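Asks: Here's a structure for you.
The values are calculated or read from the model by the stated rules, or taken from the named source; none is laboratory data. Nothing here was measured: the structure is a model prediction, and the numbers come from that model. Heads up, the Cβs are rebuilt from the backbone with ideal geometry, glycines too, and the neighbour counts pull from every protein chain shown.
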Amino acid sequence: MLKGRALLVVAMVSAASFQGAAQAEAAGGEDRIRVNLFDSAMLSDQEYVVVGDRGEIFLSSDGGNSWKRAVSGTPNILFSVSFPDEKIGWTCGQLGTVLHSADGGKTWSVQRSGTEKHLFSISFANSRHGCAAGDWGILLYTEDGGETWQDFSLAEDIVLYGVVLMNADTAILVGESGRIYKTEDGCRSWQRKPSPALESLFAVCLNGERVYAAGLGGVVVYSEDLGETWQRAVTPVEKALYSVSVAGDEGFAVGDEGTILRTTDSGRTWQAVDVPIQARLFWLGSVSLRNHSAPVGFGAGAHGFLFRIQQGNLFW
C-alpha cells in the first residue's frame, strides 16, 4: 500500500495504474505521444528523451518534431531520467525500477536496485557515480555505473522527491515538508539544511554554483553557495511546480494547469508565462534546458503534451 503523499505522486501512481499502453500515432506528419510524461533529458540541442507511464520511453533526434518509442522492457511507471553525456543514461521508477542505456536511449537494460520502493528521482554526475531517491526515505548510491547499488537511506520516514548529484561526493536532496539535505561524502551521510519553505519540494536542479528547488504552492527556493544556505524566490502563483531548470541567468519552472514560470535574474524572481488555453488543461511534469546565449530546451507533461524553447521563446 502506498504511503500518503502529495497530489502529484498520488495522481502519477493511480492514473497510470489504469492506463493502457502508449500510442504514438501519426498526426500532421509528426508522431503524437499520448501518455503522461514525467521527466525529460536533453542529450544535445536536437536529441531528447522523455519517460512516463507504463515504462514508456520516447526519443527525438530532430528537436522534438518527431518521436520514436524505445523498448524499455518494463510495465512500471518511469518517473525520472538522467544522461550525464550523449550516450549513457539511466531512468528509475515504480517498485525500484532502474534501467540503463549505453546508446543514447535507443536500447535499455534492467539494473537491480535491491529495493521495491518507488524511486522518484535519479541523477548521475558521470558514467559511474549516481544516486536515486524515493519513497520511505530510500536513497541508493552507485560507484560502478549501476552494476551495484548501496543503500544509504535516511533514518527519517519521509518521501524524497528530487536529487541532483554534482560530482562523485556532493549531492542535494529535497522532499516532503520543504526538507533539504546535502552530502559531501558520496551519499553516505546527509546534513539537513535550514529551509525557507514548509511546502514539499518536488524537483531540484544545478546551475553552476547555484541550486534550485520547486514544489507545492508555487514555491521556488535557491542557493548561491552549492546548497549550504537557501532563500525563497519571489513567484506569482500558488499552483504546484513539478520541475525546474536554470541555465545561466534564464530558467523555467512548470507545474499544474499548464503553469510556466520564467526567470531572467538567475532565479531570484519569477514571472508567469502566458500559455494557450489548451495548455491549461494539462499538468507539466518536466522542463529541460541547455546553456547558450539564450536557452534551448523543451518541456513535457500530461497526455504527451510537449513544448519547445528556442532562444528563450516558447513554441507549442
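Asks: Pick from ARG268, ARG262, ARG308, ARG290: which is more than 18 Å from the chain's Cα centre (by Cα) and touching a residue at least 12 places away in the same chain (Cβ under 8 Å)?
Replies: ARG268
Asks: Tell me the residue from SER189, SER200 that is buried (at least 22 other Cβ atoms within 10 Å of the Cβ) and hydroxyl-bearing (Ser, Thr, Tyr), please.
Replies: Criteria check complete, one pass: SER200.
Asks: Then there is this: Name the strands (runs of 3 or more DSSP E) wholly inside the range 128-221 in which the number of residues that are within 23 Å of THR115 (Cβ to Cβ) is 2 or more.
Replies: Output list reads 130-134, 139-142, 160-165, 171-175, 180-183, 201-207.
Asks: Of ALA294, ALA300, which residue is outside the structural domain of ASP85 (by TED's automatic domain parsing), surrounded by fewer than 21 Cβ atoms within 10 Å (Cβ to Cβ) and among the aliphatic types (A, V, I, L, M)?
Replies: ALA294
Asks: Return yes or no: is VAL244 in contact (Cβ under 8 Å) with a residue 12 or more places away in the chain and in contact with a Cys (Cβ under 6 Å, 6 or more places away or on another chain)?
Replies: So VAL244 passes the test.
Asks: Let me ask something else about it. Name the single residue, out of those in the range 299-314 being among the hydrophobic types (A, V, I, L, M, F, W, C) and not in a strand (DSSP E or B), that is modelled with the highest pLDDT.
Replies: Looking at residues that are among the hydrophobic types (A, V, I, L, M, F, W, C) and not in a strand (DSSP E or B), I get ALA302.
Asks: A follow-up question, please. Take the range 172-231 and flag every residue that is within 19 Å of the chain's Cα centre (by Cα) and basic (Lys, Arg).
Replies: Those that are within 19 Å of the chain's Cα centre (by Cα) and basic (Lys, Arg): ARG179, LYS182, ARG210.
Asks: Which one of these is within 22 Å of ALA294 (Cα to Cα) and of a type in the set (Asp, Glu): GLU238, GLU209?
Replies: One residue alone meets the criteria, GLU209.
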